[in-house]
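Before anything else, here's the structure in question.
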Amino acid sequence: MKITIPKHIKTALKIILSLGILGFVIYKIDIKQLAEIFSKVNPAYLIAALAFFALSKLISAFRLNNYLGKVDIDISDKYNIRLYLLGMFYNLFLPGGIGGDGYKIYLLNKRFDVKAKRIFWAILIDRVIGLLALFCLAVGLSLFIPIPIIYKYFVWLLIPISVIVFYFVIKRFFGHFLTILFKTLGQSLLVQLSQVVSAIFILASIHTFDHTLEYILYS
């Protein structure tokens, strides 16, 4: 017998779970120290940081929708954003930080006549191209920290090499994604740059201006 849980009960459970997670985090931190930090925070910078973080997630959602479209899943931008945010929510408490992706696969497979394997590969490639953009950005930023000059010449080569290798892997095994490869790579770079700007505003909001590049690179 199939049990159907009313939508309002599901929403209530999600809110309770979110409050529970928030309560657990608050329990684990030093409230006095946190209050002291927030008393010195510049709210304008913090709002700007939140805006750029939200922008990065919005671009990520559009990037994923490009890959879903290539496996015959046609969803509206509104539903796509809701799906992406739902995945972020489930990542909060499902193990590994990718549990939300598994839930997205489940929902899409349930709604569309598309094999779960095809959805899995679309979401995985979306994740991997995000990592590729992060790698390229990290390599680029590493050139501005104190390292021997000889390494800087070789480090630059890692960017084109990684992109070329990824291109041929996609061409060989996932040819149907090839037409959107560079578009989604560009979106991935925008995602990472938005998060870098967000991090800069967070540091500025707590009046931390020294070693900004190192903070960004190692975070």
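All of the numbers you see were taken from the coordinates with simple rules; none came from a lab. Keep in mind it's a predicted model, so treat the numbers as computed, not measured. So basically every Cβ, Gly included, is an ideal-geometry build from the backbone, and we count neighbours across all protein chains shown.
³J(HN,Hα) across segment 49-56 via Karplus (A = 6.51, B = -1.76, C = 1.60, θ = phi - 60°), whole Hz, x for Gly/Pro?
4, 5, 5, 6, 5, 4, 4, 4
Residue separation times 0.36 nm, minus the C-alpha to C-alpha distance between VAL41 and LEU131: what's the value?
Details: separation 90, 0.36 × 90 = 32.40 nm, distance 3.11 nm.
Working it through step by step, the gained length comes to 29.3 nm.
For TYR167 and GLN33, calculate 0.36 nm times their separation in residues minus their Cα-Cα distance, and state this gained length in nm to one decimal. List each step's numbers first, then the result.
On the way: separation 134, 0.36 × 134 = 48.24 nm, distance 4.77 nm.
Gain on stretching TYR167 to GLN33: 43.5 nm.
Report the FRET efficiency, 1/(1 + (r/R0)^6), for TYR79 and LEU13, where r is their Cβ-Cβ distance and R0 is 22 Å, rounded to 0.05.
Values: r = 21 Å, r/R0 = 0.96.
Calculated value: 0.55.
Now, a different point. Test of understanding: what is the full-extension gain from VAL114 to PHE174, defined as 0.36 nm times their sequence separation minus their Cα-Cα distance?
Working: separation 60, 0.36 × 60 = 21.60 nm, distance 1.63 nm.
Computed gain between VAL114 and PHE174 is 20.0 nm.
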